[in-house]
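Asks: My questions all concern the structure below.
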Amino acid sequence: MKLKRFEFNMFPVNCYLIWDETKEAVIVDAGCYYPEEQQALKGFIADNGLQVKHLLNTHLHLDHLFGNAFVGREFGLKAEASAQDEFLLDLAEAHCRMFGFDINEPAAPLGRHLADGDLIHFGHSTLQVIGLPGHSPGGLAFHCPEERIVFSGDSLFKGSIGRTDLPGGSFETLRDSICGRLFALPDDTTVYPGHGDPTTIGNEKMDNPFFR
């Protein structure tokens, strides 16, 4: 399995493009706000001959969905995310104004609802959906056991965890989600978060100040 990380600049946010030898691919968190960022994502996909099969959202806070409508137009896909986060789509425009800017275009509606235990298939690869409420009510992670990687969204960061003061957030729920679900993964699992650099489960269990 191959992976490309794009760091888009509005907040900034990590967007991940994942594919295997079949050239089938998934996008995780298309946070591309600016047209040049959208074209960079599109260009990489075209240059590498990839076929995007899924658009996944770890959660539906505004910075993670700026590019959903663009991906929908370009690749004929609707975002897949938790039904528990769907209410956030209606709040996206107001949340942008709260941060002092206009939304680039209205939030696109979801296609498939994802839940804990669901499987995402592309090419010869599979991602397992892990429910991680706390940062948002419907937070999700995407885990590939064979590759020992997990995409944690804004639940777990290198040395930190996600904020819980936004609608539907809960510090206790988030901490329980991480301890019960992510920390059950092997210590050598690489964590690809929604912001910042990768880490490992083992490093976070040992060094993350929220779990000492």
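Asks: What nm distance separates the two modelled labels at GLU36 and PHE210, each placed 7 Å from Cα along Cα→Cβ?
Replies: 3.3 nm
Asks: Right, here's the next one. Could you derive backbone 3J(HN,Hα) for region 157-163 from the dihedral phi with the Karplus parameters 6.51, -1.76 and 1.60 (θ = phi - 60°), listing whole Hz in sequence and x where the residue is Gly or Pro?
Replies: 10, 5, x, 7, 9, x, 5
Asks: Can I ask one more? Starting at 0 and stepping by 5 Å, how many percent of the alpha carbon pairs of region 167-207 end up in each bin?
Replies: Reading upward from the zero bin: 6, 21, 25, 27, 15, 5, 1.
Asks: In sequence order, what are the phi-derived ³J(HN,Hα) couplings for region 87-101 according to the Karplus relation 6.51 cos²θ - 1.76 cosθ + 1.60 with θ = phi - 60°, rounded to whole Hz, with x for glycine and proline?
Replies: 4, 5, 4, 6, 9, 4, 5, 5, 5, 4, 4, 4, 8, x, 8
Asks: Using the Karplus curve 6.51 cos²θ - 1.76 cosθ + 1.60 with θ = phi - 60°, what ³J(HN,Hα) values do you get for each residue of region 116-122, in whole Hz, with x for Gly and Pro?
Replies: Values, residue by residue: 3, x, 5, 10, 10, 9, 8 Hz.
Asks: Now a separate question. What residues have an amide H closer than 5 Å to that of THR189, excluding those fewer than 5 places away on the same chain, when H is modeled at 1.01 Å from N in the peptide plane?
Replies: Distant-sequence amide H within range of THR189: ILE201, GLY202.
Asks: Going by C-beta contacts inside 10 Å, put TYR33, TYR16 in order with the fewest on the left.
Replies: Details: TYR33 24, TYR16 20.
Least to most surrounded, the residues fall as TYR16, TYR33.
Asks: Taking region 63-94, which GluC sites (Glu not before Pro) meet the DSSP loop condition and have no more than 16 other C-beta atoms within 10 Å?
Replies: Numbers: sites: GLU74, GLU80, GLU86, GLU93; in loops: GLU86.
Those satisfying the criteria are GLU86.
Asks: Calculate the translational D of the chain in whole µm² s⁻¹ from Stokes-Einstein, where the hydrodynamic radius comes from the Kirkwood formula applied to all Cα pairs, the temperature is 4 °C and the viscosity 1.567 mPa s. All intermediate terms of the calculation are to be shown ahead of the outcome.
Replies: On the way: Rh = 17.0 Å.
Roughly 76 µm²/s, to the nearest whole number.
Asks: Return HIS195, HIS135, HIS95 ranked ascending by Cβ neighbour count within 10 Å, so the fewest neighbours appear first.
Replies: Values: HIS195 18, HIS135 30, HIS95 15.
By the 10 Å Cβ count, ascending: HIS95, HIS195, HIS135.
The numbers here are math on the coordinates, done by the rules we state, and not lab data. Just so we're clear, the structure is a prediction, and the values are computed from it rather than from any experiment. Glycine also receives a Cβ, built like all others from the backbone with ideal geometry; neighbour counts cover every protein chain displayed.
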